[in-house]
Each structure stands twice: as structure tokens, then as C-alpha cells.
Amino acid sequence: QVEQREDKRPQLSDLRESGTIEQDSDVVMFIFRESYYLERMEPIKKLEESDEKHNERTSRWQELCEKAHNTAEVIIAKQRHGPIGTIKTHFESSYTRFSNLNVKDYDNIME
């Protein structure tokens, strides 16, 4: 289901085909990294597209990739006895390490 949606963020409904995980769990958390999807969507020049238009789309894509680089979202989709929501984190893929965002980084991803 995720692959067909424009917004790739996982949702509780994605677990519906997985038995009773969704209903039996007290807490359901997902990790979402926009960069994972962006890296696989590099703009390909369309047949009748001008070089200028293609460069424009590529430039926009590169900006999005830079903005998403080293960030992840921890999505608390279900918490039986607490709040739900999304926590934006810094992510170092070479170590699979999550840490707090710097204030500067947080401002950049919120724009």
C-alpha cells in the first residue's frame, strides 16, 4: 500500500494484512526516512522536455534530497496509554544511529 501512495509515511492501516498486530499492540511506532524514497525518484528527462525544464526539476529534487538527508521521523501511530505524534530526529545511516536534531536542522526541515 505504501508504494502506491504519494505520501509514503506508514500508517496503521498498513498493518491490517498482518494479522492482529494493530489491534493487539499497546504501542505501534514507525520509522520514516523521506530520503529513502527521494533517492529512488531521480528525475529522468522526458521525451519532449527541454534541458532547462529538466535541469529545473533536477535542481528541485536535489534541494529536497539535501533537506531530507540525515533526518528521520519516528511516528508513534498508536499508544494505548499516551499521546501519538511524530518526532523528527537526526539519522546517521552509516551507523543506523538516531539522535536529537540540532535547532538549525529542525528549522531547515520545517520550511
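All of the numbers you see were taken from the coordinates with simple rules; none came from a lab. A quick note: this is a predicted structure, and the numbers were derived from the prediction, not measured. Reconstructed Cβ throughout: ideal geometry from the backbone, glycine too, with neighbour counts over all protein chains shown.
Just a few scattered comments:
- For K53, the aspartates and glutamates whose Cα comes closer than 17 Å to its Cα, not counting residues fewer than 8 places off in the same chain, are E42, E63.
- Using a Gaussian network model of the chain in which every pair of alpha carbons under 10 angstrom is joined by a spring, one finds that among N55, N100, N70 the greatest mean-square fluctuation is at N55.
- Nearest 10 degrees, 0 to 90: helix 51-68 Cα axis against the chain principal axis: 30
- Share, in percent, of DSSP beta bridges within the chain that are antiparallel, nearest 5: 100
- With the convex hull drawn around the C-alpha atoms of segment 7-111, the volume per residue stands at 143 Å³.
- Looking at segment 1-62, the GluC sites (Glu not before Pro) that sit in a DSSP loop and have at most 15 other Cβ atoms within 10 Å of their own Cβ are E6, E17, E39, E48, E49.
- Relative contact order of the chain, pairs being alpha-carbon contacts under 8 Å that are 6 or more residues apart, as %: 23
- Comparing H54, H69, H81 in a Gaussian network model of the chain where C-alpha atoms under 10 Å apart are linked, the largest mean-square fluctuation is found at H81.
- Springs join every pair of Cα atoms under 10 Å in this Gaussian network model of the chain, and among I75, I44, I31 the largest mean-square fluctuation is at I44.
- Note on K88: lysines with a C-alpha under 18 Å away, same-chain residues under 8 apart excluded, are K8, K67, K78, K104.
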